[in-house]
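Chemist: Okay, handing you the structure first.
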Amino acid sequence: MLLRPEIRRFARAWAPVALLSLLVLVGCAKDYPQTTLAPKGDFAHIVDGVFWTTFKWAIAVFILVQSALVYAIVRFRARPGAPEPEQHHGNTALEIVWTIIPAAILAFIAVPTVKAIFRTAKEPGAEAVQIEVIGHQWWWEFRYPDLKIVTAGDLHVPMGQTVNLRMTTADVLHSFWIPQFAGKRDVFPRRYNNIWFKAETTGVFTGQCAEFCGTEHARMAFRVVSETPDEFKKWADQQTIGSPMVNGGQVSDSALAASLKAATGDTSANVDSVLARGKAAFMAGGCIGCHAMVGTPMAGMTALVGPNLSHIGSRHTIAAGTLPLNEENLTRWLHDPDEVKPGVLMKLPRALTDDEVKVLVAYLQLHK
Ligand code: CUA
């Protein structure tokens, strides 16, 4: 026997309390980017309001029921020598009461819930920024039809302005989820759903596919980049250079080089060299078979299997939120995408040489 009986009794009595305290402490930990309990937009506040209303009612019910239970346990406990308790079979008044009370509580909760459903299901007006969201195995594509932008991975939104997301999928069912801004919406092929929100703060927030959609479902994430209207406009202007929606994606080599020099602050001839060698490697390596890219003959394509890579250097992550975008991760990804995301649909036609990868990494990072 390792422990004395009194210690074991003590441990048994206090274990549930310790476990509960641990759970509470874990719940208080700071860094949960996908929490729904820290809303950062109007839509999320509506949902959060329904949650807290329901939670308060649940707490009240819990306290009442548990108090009655504890009272009954103590007051009517078996005592030595006590007679057999009086036996009852049914009590009509009591049964009516305990049917009416939960029904009334449900009716109370239904009012804010149904109100919230109607408020969140409404489509915002034409003044909202229109964004098309397309789910793919396993990444998210974003198009801004009015701003003429096609991008992936980063959903840029202007703070303080309502955005309306019109959503569908190019393949299987996915579920679009941005915990701190709005709820979840499933997306279906050849059908359109919508969700909207107005970001009330700037920052980079995470989103995630919330419906099992195949091998890499868990790594089908994205970032919401909420920025000031000025920053948003600056980003949007840069993104339209070589966009498939502007002049069929066509932009002259010199104009592209000039825009990238302005965006990176590097005005040396190195930029021209990276662009020329990178473009050659992009075509020779077979990247062009699946990805649209500004400055290449496929710049105007919107229906290719992989994400549009124009301006990829300005994104926060690669591989749908799996890795931060940097030299090391791009290198790892280009050498063996399947090692980063097993089952990924990006199949290299042939292994890229170290030299090609180096050239491509510099080329991709240059495209701010
Ligand atoms: Cu897409 Cu899960």
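Chemist: What net charge do the residues around residue 301 carry, taking every other residue with its C-beta under 14 Å from that of residue 301, with Lys and Arg at +1 and Asp and Glu at -1? Intermediate values should be presented prior to the final figure.
Modeler: Numbers: positive: 143; negative: 141.
Value of the local net charge: 0.
Chemist: Highest mean first, what order results for 75-83, 334-342, 12-20 on Cβ atoms within 10 Å? List each step's numbers first, then the result.
Modeler: On the way: 75-83: 7.0, 334-342: 15.2, 12-20: 9.7.
Peptide ranking by packing, descending: 334-342, 12-20, 75-83.
Chemist: Let me ask something else about it. State, as an integer percentage, the relative contact order of the stretch 234-299 based on alpha-carbon contacts under 8 Å between residues 6 or more apart. Could the numbers behind the result be given before it?
Modeler: Working: 45 pairs, mean separation 25.4, N = 66.
In percent, rounded to a whole number, it is 39.
Chemist: What does the charge add up to near residue 207, with Lys and Arg as +1, Asp and Glu as -1, over the other residues with Cβ less than 11 Å from its Cβ?
Modeler: Working: positive: 184, 223; negative: 154.
That works out to +1.
Chemist: Now, a different point. Relative contact order of the stretch 211-340: what whole-number percent is it, with Cα pairs under 8 angstrom and at least 6 residues apart?
Modeler: Details: 117 pairs, mean separation 33.3, N = 130.
Computed value for the stretch 211-340: 26 percent relative contact order.
Chemist: Give, in whole angstrom and from largest to smallest, the semi-axes √(5λ) of the equivalent ellipsoid of the stretch 40-122, with λ running over the eigenvalues of the Cα gyration tensor.
Modeler: 41, 16, 5
Chemist: While we're here: Please determine, in degrees from 0 to 90 and to the nearest 10, the orientation of helix 42-75 with respect to the longest principal axis defined by the Cα atoms of the chain, where the helix direction is its Cα long axis.
Modeler: It is inclined by approximately 20 degrees.
Chemist: What ³J(HN,Hα) values, in whole Hz, does the Karplus curve 6.51 cos²θ - 1.76 cosθ + 1.60 give for the stretch 249-263 when θ = phi - 60°, with x put for Gly and Pro?
Modeler: x, 7, 8, 6, 4, 6, 5, 5, 4, 5, 5, 6, 5, 5, 6
Chemist: Continuing with this model, one more query. Beta carbons within 10 angstrom, averaged per residue: use that to sort the peptides 164-173, 213-222, highest first. Walk me through the numbers on the way to the answer.
Modeler: Numbers: 164-173: 18.0, 213-222: 19.5.
Put in order of decreasing packing, that is 213-222, 164-173.
Chemist: Let me check I've understood the local charge: for residue 316, count other residues with C-beta under 13 angstrom from its C-beta, Lys and Arg +1, Asp and Glu -1. What total comes out? Write down the numbers at each step before the final one.
Modeler: Details: positive: 223, 315, 368; negative: 154, 227.
Combined, the nearby Lys, Arg, Asp and Glu give +1.
Chemist: Which distance in Å, rounded to a whole number, links the C-alpha centroids of the stretch 319-348 and the stretch 215-275?
Modeler: First find each Cα centre; the distance between them is then 20 Å.
Chemist: Work out the length of the dipole vector of the stretch 212-368 about its Cα centre, built from +1 on the beta-carbon of each Lys and Arg and -1 on the beta-carbon of each Asp and Glu, and round it to the nearest 20 debye. Walk me through the intermediate numbers first.
Modeler: Working: 14 positive and 16 negative charges, 50 e Å.
Value, rounded to 20: 240 debye.
Chemist: A further question follows. What ranking do 253-260, 186-193 get when scored by the average of other Cβ atoms within 10 Å per residue, highest first?
Modeler: On the way: 253-260: 16.2, 186-193: 13.5.
Descending mean neighbour count gives 253-260, 186-193.
Chemist: Which residues' amide hydrogens lie under 5 Å from the amide hydrogen of residue 224, considering only partners 5 or more residues apart or on another chain, with H built in the peptide plane?
Modeler: Sorted by chain and number, the residues that satisfy this are 155, 205, 206, 207.
Chemist: Can you tell me the FRET efficiency between residue 122 and residue 52 if r is taken as the Cβ-Cβ distance and R0 is 30 Å, rounded to the nearest 0.05?
Modeler: On the way: r = 22 Å, r/R0 = 0.73.
It comes to 0.85.
Chemist: Can you pick out the pairs among 115/184; 347/368; 184/347; 148/368 whose Cα atoms lie more than 20 Å from each other?
Modeler: Values: 115/184 18 Å; 347/368 25 Å; 184/347 31 Å; 148/368 17 Å.
Going by Cα-Cα distance, 347/368; 184/347 fall outside the 20 Å limit.
Chemist: Let me ask something else about it. Which whole-number percentage describes the relative contact order of the chain, with Cα contacts under 8 Å and a sequence gap of 6 or more?
Modeler: Values: 573 pairs, mean separation 55.0, N = 368.
Relative contact order here is 15 percent.
Chemist: If you find the alpha carbon centre of the stretch 14-77 and of the stretch 131-173, how far apart are they in angstrom?
Modeler: Cα centroid to Cα centroid, the span is 35 Å.
Chemist: Could I ask something else about it? What is the extension gain from residue 303 to residue 368, computed as 0.36 nm multiplied by their sequence separation minus the C-alpha to C-alpha distance, in nm to one decimal?
Modeler: Values: separation 65, 0.36 × 65 = 23.40 nm, distance 2.23 nm.
Contour length minus Cα-Cα distance gives 21.2 nm.
Chemist: Follow-up. Compute the normalised compactness of the stretch 264-368: alpha-carbon radius of gyration over 2.2 N^0.38 Å, N being the residue count. Before the final figure, lay out the partial values.
Modeler: Values: Rg = 13.0 Å, N = 105, 2.2 N^0.38 = 12.9 Å.
Expressed relative to 2.2 N^0.38 Å, the Cα Rg reads 1.01.
Chemist: Once you charge only the Cβ atoms, +1 for Lys and Arg and -1 for Asp and Glu, what is the size of the charge dipole of the chain about its Cα centre, to the nearest 20 debye? Display every interim value, and only then the final one.
Modeler: Values: 35 positive and 33 negative charges, 215 e Å.
It works out to roughly 1040 debye.
Chemist: Shifting gears a bit: What is the percent carbon and sulfur in the accessible area of the chain, measuring with a 1.4 Å probe over the protein chains and ignoring ligands? The partial results should precede the final answer.
Modeler: Working: 13400 of 20930 Å².
With neighbouring chains kept in place, the figure for the chain is 64 percent.
The values are calculated or read from the model by the stated rules, or taken from the named source; none is laboratory data. Quick caveat, the model's predicted, so the values are computed rather than measured. Neighbour counts run over all protein chains shown; Cβ positions are idealised from the backbone, glycine included. Areas reflect the complete protein model, heavy atoms only, side chains present, ligands, DNA and RNA absent. Shrake-Rupley method; radii C 1.70, N 1.55, O 1.52, S 1.80 Å.
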